[in-house]
1. Which residues, counting only those in the range 362-392, are among the β-branched types (Val, Ile, Thr) and either in a loop (DSSP other than H, G, I, E, B) or surrounded by fewer than 18 Cβ atoms within 10 Å (Cβ to Cβ) (or both)?
2. Mind listing whichever residues of the range 114-152 are in contact (Cβ under 8 Å) with a residue 24 or more places away in the chain and of a type in the set (Gly, Ala, Ser)?
3. Could you tell me which of the residues 332, 354, 370 is modelled with pLDDT of 95 or more and hydroxyl-bearing (Ser, Thr, Tyr)?
4. Criterion first (farther than 15 Å from residue 140 by Cβ, in contact with a strand residue (DSSP E or B) (Cβ under 6 Å, 6 or more places away or on another chain) and small (Gly, Ala, Ser)) does residue 336 satisfy it?
5. If residue 336 meets every condition in (1) touching an Asp or Glu at 6+ places or on another chain (Cβ under 9 Å); (2) polar (S, T, N, Q); (3) over 20 Å from residue 274 (Cα atoms) apart from one, which number is that one?
6. Would you tally the residues in the range 199-244 being outside any helix (DSSP H, G or I) and more than 16 Å from residue 74 (Cα to Cα)?
7. Counting just the residues of the range 247-303 that are in contact with a Ser or Thr (Cβ under 8 Å, 6 or more places away or on another chain) and small (Gly, Ala, Ser), which one comes out surrounded by the fewest Cβ atoms within 10 Å (Cβ to Cβ)?
8. Kindly evaluate residue 287 against the criterion of being outside the structural domain of residue 20 (by TED's automatic domain parsing), farther than 24 Å from residue 141 by Cβ and either basic (Lys, Arg) or modelled with pLDDT under 95 (or both).
Amino acid sequence: MRSDKADPQEFGLSTLAVRAGQQRTNEQEHSEPIFTTSSFVYASAEEAARKFSGDEPGNVYSRFTNPTVHTFERRLAALEGGERCVATSSGMAAILSVALAVLEAGDEIVASRSLFGSTISLFDKYLGKFGIRTQYVELSSLAAWEAAITPKTRLLFAETPSNPGSEVVDVSGLAEIAHRHNALLAIDNCFLTPALQRPLSLGADLVVHSATKYLDGQGRGIGGAVVGSDALLEDVFGVVRTCGPCLSPFNAWMFTKGLETLALRMRAHSDNALRLATWLEAHPAVKRVHYSGLPCHPQHELAARQQAAFGAVVGVEVKGGRQGAWSVINATRMLSITGNLGDTKTTITHPATTTHGRLSDEQKAIAGITEGLIRLAVGLEDFCDIQADLAVGLDAL
């Protein structure tokens, strides 16, 4: 935008993804610059004192004030419809920063049982050491969420859709429950991004991202972000400033450029994923497909109501358990066998032994992580090539 006074609500999502957040320097550059500097200099000791104290706005130290990082933060905040964004070094750093900002010893979290494995480890193994207890519930059951809340509950935390089961929760309904019990609702939105879902507009208080995924879109770097109100984000900013899980300027620049094509990519990802899920559903070697875009999905109507599309992640359970899943994965010639997702390239993995491998057998069962489950993050290749690559292994089962 030419003026920082422009109201983001005046513009469409694709325009914000290209234009929002940039503040040009005196050089009047067209593309966003990268400020690869650790610190900043001042014209006088008096100016330095004013900026260090916060009496005068400006850059102090790149751990918590860097123009390139600020551009990414402003742009993502505009896309999510939030007042403020704080960028972090990874998606897990974003979740940790939220926890450190809003929780203290004795508080409780209610979370969906189908969370990413590292999130569960953070809540149980590390936050648990400091007296913060987490209760896990079925993601889609609002009754289960409400029943698990106690007077000590401070935070409700959910991924929707879930990884990789594609479960969906009614965000508006969950926000109403959280606020009625004086708790905050945080939604991990990295699977859909603001191009397909805006949890703040549905009543959530905080949105968490692994920018590593679709915000970047090309598997180039690690980063995270938290978006919400200015008041809530002030404490999150304090954690990042003090503890140091900050985003590097170069990665911030990459993510900013990634945002420019976000809406286009997410629509194309979703189109390929829906076609693939429909084909997989009819394949004789497939026991079940987890994708909210399919009419048979139990939360299909809810997903269609609160999402602009259904995303790129498809869970598929094949016959033959672990060996069946591994044989399908090993038979692929083009797909990338990796635990990451959000890439232009289609990725494939076996969650039970990779992304969720640190969970106990009981935790895997609760989260729906079976031995025959394969997770596909459908990329932007020609659909017929993705289909053909999977067919080699599936047809052999």
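1. Result: 366, 369, 370, 378, 392.
2. 114, 117, 118, 121, 131, 140, 148
3. 332
4. Judged against the criteria, residue 336 is a match.
5. (3)
6. So the answer is 14.
7. Ranking the candidates gives 248 first.
8. When the stated conditions are applied, residue 287 does not pass them.
The values are calculated or read from the model by the stated rules, or taken from the named source; none is laboratory data. Just so we're clear, the structure is a prediction, and the values are computed from it rather than from any experiment. No Cβ is skipped: glycine too gets one built from the backbone with ideal geometry, and neighbour counts run over all protein chains shown.
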